[in-house]
Structure formats: C-alpha cells, structure tokens
1. Pop the C-beta distance of A:Gln1 and A:Ser118 into the FRET formula with R0 = 30 Å and round what comes out to the nearest 0.05.
2. Comparing B:Asp62, B:Asp100, B:Asp28, which has the greatest mean-square fluctuation in the GNM of chain B with Cα pairs linked when under 10 Å apart?
3. Note down the nm distance, to one decimal, between modelled labels 7 Å out along Cα→Cβ at B:Asn33 and at A:Asp73.
4. Specify the inter-centroid distance of segment A:23-59 and segment B:11-66, based on alpha-carbon positions, in whole Å.
5. Taking 32 Å as the cut-off for C-alpha to C-alpha distance, list the pairs among B:Lys47/B:Lys68; A:Lys19/B:Lys44; A:Lys19/B:Lys68 that go past it.
6. Given labels modelled 7 Å from the Cα in the Cβ direction, how far is it in nm from B:Asn95 to B:Thr25?
7. When A:Arg87, A:Arg38, A:Arg98 are ordered from fewest to most other Cβ atoms inside 10 Å of their Cβ, what list results?
8. Compute the length gained on full extension between B:Ser17 and B:His41: take 0.36 nm times their separation in residues and subtract their Cα-Cα distance, giving the result in nm to one decimal.
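Laboratory data are not the source of any read-out in this text; all were calculated from the coordinates shown. Values in this document were obtained by computation on a predicted structure and should not be read as measured data. So basically every Cβ, Gly included, is an ideal-geometry build from the backbone, and we count neighbours across all protein chains shown.
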Amino acid sequence: QAQLVQSGAEVIKPGASVKVPCKASGYTFTSYGIGWVRQAPGQGLEWMGWIHTYNGNTNYAQKFQGRVTMTTDTSTSTAYMELRSLRSDDTAVYYCARREQVATLDYWGQGTLVTVSS
Amino acid sequence: QSALTQPPSASGSPGQSVTISCTGTSSDVGGYNYVSWYQHHPGKAPKLILYDVNKRPSGVPDRFSGSKSGNTASLTVSGLQAEDEADYYCSSYANSNTFDVFGTGTKVTVL
C-alpha cells in the first residue's frame, strides 16, 4: 500500500523560505510523479505543480513560477517542495500526492501546515 | 489558468441523490477526458473518488458516478449517507503548460 508521510507544522517569518519533505513508501518511487497542492484557510484546493520523479523534470503552476522549486532524492524516496519569499497569504496546508497519471492524484500525504507570521 | 466552476453547496437527505457540476472550457474539461473528483473531509487528506471522468479507484463504492458533456463534468452521489458529507473538488488536465487545475469546491450536506 502506497504511503506518503509529510513533516509537522512549521512557522516561518515573512520573506523566508520553507522546504517541505514528503517521504514515499510502499511503491516504486520513480514510477510515479509527485504533485503538490495547497489549501489556504477557508479556501479550496490549489494546484502548485508536479515533478517527474524518474528524471526530475518539473511543471509549475504559473502563479508559483520563480518562487517554487520541487526536487526529489531518489535514494530516500523523498520529494521536496521549497517555496521562497513567503507572504502571509502563503499560510496554508501543503499536500504532496502521488500522480498516478494526468490529473489523477491517488495517494496523498497528511499535509503540512505552514504558517507565515512574524 | 482559472479554477473550474463548481456550485458552493449542495444537499440531500439520506438515501437521495445529489449531483455536482464542474464547468470549465474547451481548453480543460471540454478538451480532455481527464477529469478527476476528490472527496475532502476537513482535517484529513483528500481522497480520489473518480478519475478519467467516470472510473472508480478500487474501494470506492459505485454510489459515486461521473459523466461529462461538453465543457461540464458532473459527479453524482446516489444513496446519500451521513459519511458523504464533505467537500468535493473536481480537477482536470488543462494543457502541457498549465497541466492540472482544480474546481472551486462544493460542500455537500446530508440533511
């Protein structure tokens, strides 16, 4: 059974960066992509982008281009999402999910709450 | 890329059916048969309930069904149960630049 485990909550100061890990287990890591989705308080789900785990190619939503970097460490089956120049409206729960195919996220992490506050 | 449009809320009594629409454009919903639906209980991870418009992952009851006509996809939940009360989001492939886009979300209430 595939499982994605994310780190605990973080409080980050405005202007700083956060790097959220997502450790995968129970399947061949490089056979599926990893997508990242966030949900701000009281808001809906928002697609951030995804990474091809077998070659590291990335596709970012236009809104986050220039501020987000998605990477993987295949030796530990871990994906990372780094978001820079954080603002208060970046406060959200950040989810990683296995991208089984186009527009299909079949296994999700439990989410990481990132709070941007001084 | 704008979010797909869903009604903010929908409701039904136990045993009844509820249908949620998801409206996009010919560049996303209307252009591809890559529409997925997710069920999201607050505080939990979203759960995939439909993909490729109308396919159910293993373990998802057949009370959940999907369809698409033109630029609008729909999710129908038949035989509503108390545990179906949740937020539901559609998602569609958009194009090779944008990739995926979510709907605005619909809160389903079981009366």
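1. Once rounded, the FRET efficiency stands at 0.15.
2. B:Asp62
3. Roughly 4.2 nm, to one decimal.
4. 20 Å
5. A:Lys19/B:Lys68
6. My value for the distance between the label points is 0.8 nm.
7. Values: A:Arg87 11, A:Arg38 22, A:Arg98 27.
Lowest count first: A:Arg87, A:Arg38, A:Arg98.
8. Stretched out fully, the B:Ser17 to B:His41 stretch lengthens by 6.7 nm.
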